[in-house]
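Q: Below you will find the structure I want to go over with you.
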Amino acid sequence: MTPPTVPTEFRTPRLLLRAPRPQDARAQVEAVNASLPELRRWMVWAQEPQTLDGARENLAQAAEAYARRENLRLLVWTEDGTQLLGSTGYHALDWRVPKGEIGYWIATAHTGHGYAQEVAAFLTTYALDDLRFRRVEIRCDALNARSARIPRALGYTLDARLVNDDVAADDPTRLRDTLIYSLTQ
């Protein structure tokens, strides 16, 4: 299947989701670095503070991947687009099926407001209805209870618990289990 054209901007009731741009680097650095204590536990990429140059490069690569529809990362902004709240998107895309995995993180200062669930609900519906995905997944560390609540709340099925599937993001000497949730059609 040829990957479909995908808009670079979406709106949910409270949020703007937009494809990354290098000029978003300062906002990303501020959100990531302020959230490092929480993100370190779950995200391999969040073990060290982000630099402005590193963020620009990261966002430029993400924008290129989006344009090629290889990875559809979206930045999560307030409705007016003035404050970066986190990141989300479709990862592990396989357009032959088609299927993808939804990932998300919300900056620590903005957690607890339902933004991750709002984003995941929107992306789930868009994937199934507009992109015609046959399978949508959400994966998370089995110890990440906050993240695991989201697919359950959205009606996903727990397909598997992969025992000793990965190492802890913040300690590669500790093994971790991975939960795989899915919705299919």
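The values are calculated or read from the model by the stated rules, or taken from the named source; none is laboratory data. A quick note: this is a predicted structure, and the numbers were derived from the prediction, not measured. Because the Cβ atoms are built from the backbone with ideal geometry, glycine has one as well, and the counts that use them run over all protein chains shown. Surface areas here come from the heavy atoms of the whole protein model, side chains and all, with no ligands, DNA or RNA. Shrake-Rupley method; radii C 1.70, N 1.55, O 1.52, S 1.80 Å.
Q: How compact is the chain by the rule of thumb for globular proteins, expressed as Cα Rg over 2.2 N^0.38 Å?
A: 0.99
Q: Next up: Would you mind putting 27-40, 156-169 in packing order, based on average other-beta-carbon counts within 10 Å, highest first?
A: Ranked from most to least packed, the peptides come out as 27-40, 156-169.
Q: Let me spell out the model: positive unit charges on the Cβ of Lys and Arg, negative unit charges on the Cβ of Asp and Glu, origin at the Cα centre of the chain. What dipole size does that give, in debye rounded to 20?
A: Values: 23 positive and 24 negative charges, 85 e Å.
Around 400 debye, computed over the chain.
Q: Would you mind pulling out the separation of the Cα centroids of the range 1-68 and the range 138-154, in Å?
A: 21
Q: Okay, next question. Mind putting a number on the dipole of the range 92-185 about its Cα centre? Charges go on the C-beta only, +1 for Lys and Arg and -1 for Asp and Glu, and I need it in Debye to the nearest 20.
A: Approximately 220 debye in magnitude.
Q: Still on this model: Any idea what the relative contact order of the range 56-178 is, in percent, if you count C-alpha pairs under 8 Å spaced at least 6 apart?
A: 15
Q: Shifting gears a bit: Equivalent-ellipsoid semi-axes (√(5λ), Cα gyration tensor) for the range 102-163, whole Å, largest first?
A: 19, 17, 9
Q: Accessible area, 1.4 Å probe, largest first: how do 173, 78, 125 sort?
A: Order by accessible area, largest first: 173, 125, 78.
Q: Once every DSSP H run of n ≥ 4 in the chain is given -39500 (n - 2.57) and the sum is divided by its residues, what mean residue ellipticity at 222 nm do you get, rounded to the nearest 500 deg cm²/dmol?
A: Counting only the DSSP helices, I get -10000 deg cm²/dmol.
Q: Please give me the summed charge of the neighbours of residue 114: other residues whose Cβ is under 15 Å from its Cβ, Lys and Arg +1, Asp and Glu -1.
A: Net of charged neighbours comes to +2.
Q: Normalized C-alpha radius of gyration of the range 1-59, against 2.2 N^0.38 Å?
A: Scaled against compact globular proteins, the figure is 1.36.
Q: Continuing with this model, one more query. Among 93, 78, 58, which residue has its Cα positioned farthest towards the positive end of the charge dipole of the range 32-185, with +1 placed on the Cβ of Lys and Arg, -1 on the Cβ of Asp and Glu, and the dipole taken about the Cα centre?
A: Projecting each Cα onto the dipole axis, the largest value belongs to 93.
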